[in-house]
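Taking it in order: structure first as structure tokens, then the write-up.
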Amino acid sequence: MQIHLGNIIFILSIFLGALIVFLLTVPVSNRKHSNNLLAMYVFCFVLFSAHNFILQENLIIRVPFLFRITKPLQYAVAPLIFFYVRSLVFNEVHFRKWDWLFFLPMALHALELMPFFFMERELKISLIEAFMQNMNQGLLHTEGFLPAYIHPVLISFFLAIMIFKSWKMVKLVSDSTTSKSNPQNVMQVRWLNLFIFINTVVFCLLVLHMLTFKLVSWNVYRINNIEASGLLIAIGISLFFYPNILYGFQRGIITGADLLETKTEKNVDAEVHQDKGYSLSSERRYEYLARIKDCFEEKEVFLIQGYTIRSLSQDTGISYTYLSQVINQEYALNFNELVNSYRVEYVKKLMLEPNAHQYTFEALAGKAGFSSRTTFSRAFTRFAGCTPSEFVRLLDHH
């Protein structure tokens, strides 16, 4: 193995990526779902870089079982980008019910490569040697049952969709009043824009390589290493400017109430009407949203223990069916989740008061309308991103 500047940079970027993964996953009290997603994303690129480095330095012959071992993970990058962005925007604490479907292409590709993975060592080495004689045309080598070039196209297409959806999601909230008025939200929006921009650049380089590899004699694995190393270094540098990436932002960019304002400001009528069964006109929808907002923000009906959607229907004059429909579609929450999100914000305001130390958590929960401390703790952890005790400790530190 030759020791030159390029190899030094590649090795350092691998160690930097491994360090980022460690810092994102080391157990701390306020570790969040978004950190785990970012750690998985970075870990994929650490593996890509290590695999390509071993390959381009002709070391793969010594460890043939590692050849193509990272190929299925290429399908995981796109959904991890989207899920990470979504988790920060909505302060998600776990995967949604059907998120596993996004990883189905990765699982299918892994099954497709199983015959190669279990191939005898001598036969695998002979295939690797034949492959290494023409590495610059790596895109033309088959990977499983599908014809050559198909998987890179599918991966690029999948990546383009997820990056587009991520840009769209951040754009939806970046111009909202809430995201502009809260310093932490501003920081999160900036970081997400930078994160998606980095991935967009990498995606464009991948597409450029796919379109020109027959015209220019690229060393595909050195190019991929440059891209992966650049991405790891860029994220590592970003940690100095956005240290909250490591220890977790304290809330999402938008809550249920924020989503109401954002959707109204952005006039997403077309998007809403695409939802199956959503039959309200724009005028009626905005009227219902205004009534709901008035009940929650002006009348603070969420402070009433045992407040139900039937009670809200009576207070707003909106039928139960339409009320449930509006809440689910516009707030991306069910009724109980919407109530709890307001209650948690109310408790957080109480905790900021000078005399907050005289209240127990049970008292705070009762003031906010929670029926029990267990329900309060569970809701607080979900919508605040940490437990009530952790939130108090963070306030004390500041």
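The values are calculated or read from the model by the stated rules, or taken from the named source; none is laboratory data. None of the values given here were measured: they were computed from a predicted structure. Here the Cβ is made from the backbone with ideal geometry for all residues, glycine too, and neighbour counts use every protein chain on show. We work out accessible area using only protein heavy atoms, side chains counted, and drop any ligands, DNA or RNA first. Shrake-Rupley method; radii C 1.70, N 1.55, O 1.52, S 1.80 Å.
The calculated FRET efficiency for the pair Phe145 and Ile198, based on their C-beta separation and a Förster distance of 30 Å, comes to about 0.35.
Ser371 to Gln358: extension gain in nm, 0.36 nm per residue of separation minus the Cα-Cα distance? Intermediate values should be presented prior to the final figure.
Values: separation 13, 0.36 × 13 = 4.68 nm, distance 2.01 nm.
Here the segment from Ser371 to Gln358 would lengthen by 2.7 nm.
Computed FRET efficiency, Cβ-Cβ of Ser324 and Glu287, R0 25 Å: what is it to the nearest 0.05? If you can, show how the numbers build up before the last one.
Details: r = 16 Å, r/R0 = 0.66.
The calculated FRET efficiency here is 0.95.
For the set Lys168/Lys367; Lys32/Lys349; Lys165/Lys367; Lys97/Lys367; Lys165/Lys349; Lys97/Lys349, the pairs lying more than 29 angstrom apart at their alpha carbons are Lys168/Lys367; Lys165/Lys367; Lys97/Lys367; Lys165/Lys349; Lys97/Lys349.
Counting only protein heavy atoms and a probe of 1.4 Å, the accessible surface of segment 336-398 is 52% carbon and sulfur. If the label point is 7 Å along Cα→Cβ of Phe65, which residues in segment 92-121 have backbone nitrogen under 13 Å from it? What the label zone holds, given the 13 Å backbone N cut-off, is 117-121. Between Lys299 and Arg96, what FRET efficiency follows from the Cβ-Cβ distance if R0 is 35 Å, with the result rounded to 0.05? For R0 = 35 Å, the calculated efficiency reads 0.65. Estimated at 0.36 nm per residue, the fully extended path between Leu350 and Leu208 surpasses their Cα-Cα distance by 45.7 nm. For segment 29-107 versus segment 154-176, the inter-centroid distance based on Cα atoms is 18 Å.
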